[in-house]
Amino acid sequence: MRFVKALILFILLSLSVYITADYQHLKFKYALSPIILSYYGSTGPEVIEIQKRLKQWGYYDGPIDGIYGYKTYMAVRYFQAKNGLKVDGIAGSETLRALGIVTTTRSSYSSDLNLLAHLISAEARGEPYVGQVAVGAVVLNRVRHPSFPNSIAGVIYQPGAFESVANGQINLPPTVSAINAARDALNGWDPTGGALYFFNPAKTTNKWIWSRPIVAVIGNHVFAR
């Protein structure tokens, strides 16, 4: 019995040394990179957010303490394996995006939030709240898609993309609900399940848009890929 306990302790200690050594190497490697990430040994509010998301979705059963320890590391690996991501235990940009955690700087985040809120307010004023979030999600889905510009401003101001830009409605002050909806969309809520387009069937005359696969109907808008 003592031998078994000693063997288990030895394995755990060896694993801890291996992980620590490996992540010291990664820490040095990524210190030279602009990529925002968290890894074994990291601490802070981003780690807390990672733990909250993983716990909420059943991947993590440890404390929400902001310390990227062994349990957090293993939970990240489990999440990555289940979601088709590279399984390395590092909460890099792809993993954080899959978790719905925004990694932009405070200033760019504020600018993106403001612009997205203006578009949501102009395009979805009067729609149910979930429909407003859905419009914001479409913009963000386009940002991530190779067929569209890779920034929120680029997507919104792409010629012909949104009627509210052409008619100037986007310049009106956004509603409070639009601001909240923009924040929820930026934090990862996508009620559409990946839609790239939305339209009001009572108003559109575009035959092409009806050829797109419909994924959701929310309020007066149809959402499609």
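The values are calculated or read from the model by the stated rules, or taken from the named source; none is laboratory data. Because the structure is a prediction, the values reported are computed rather than measured. Cβ: placed from backbone, ideal geometry, glycine included. Neighbour counts: every protein chain shown.
Points worth noting:
- Leu54 being in a loop (DSSP other than H, G, I, E, B), surrounded by 12 or more Cβ atoms within 10 Å (Cβ to Cβ) and at pLDDT 80 or above: no
- Residue identified as assigned to a strand (DSSP E or B), at pLDDT 90 or above and surrounded by fewer than 20 Cβ atoms within 10 Å (Cβ to Cβ) among Val217, Val222: Val217
- Every pair of residues 6+ apart whose Cβ atoms lie under 6 Å, when the first sits in segment 121-139 and is outside the structural domain of Trp189 (by TED's automatic domain parsing) while the second is part of a loop (DSSP other than H, G, I, E, B) and surrounded by fewer than 24 Cβ atoms within 10 Å (Cβ to Cβ): none
- Counting the residues of segment 127-162 that are part of a helix (DSSP H, G or I), surrounded by 15 or more Cβ atoms within 10 Å (Cβ to Cβ) and not hydrophobic (A, V, I, L, M, F, W, C) gives 6.
- Contact annotation: residue pairs with Cβ atoms under 9 Å, 6 or more positions apart or on different chains, pairing a residue in segment 190-206 that is in contact (Cβ under 8 Å) with a residue 40 or more places away in the chain with a partner that is surrounded by 14 or more Cβ atoms within 10 Å (Cβ to Cβ) and of a type in the set (Ser, Thr, Tyr), are Phe198/Thr192.
- Among the residues of segment 72-97, none is identified as surrounded by fewer than 17 Cβ atoms within 10 Å (Cβ to Cβ), under 15 Å from the mean Cα position of the chain (by Cα) and at pLDDT 90 or above.
- Scanning segment 52-71 for residues that are touching a residue at least 24 places away in the same chain (Cβ under 8 Å) and under 16 Å from the mean Cα position of the chain (by Cα) yields Arg53, Leu54.
- Test: residue in segment 194-202 that is within 18 Å of the chain's Cα centre (by Cα), at pLDDT 95 or above and of a type in the set (Ser, Thr, Tyr): no
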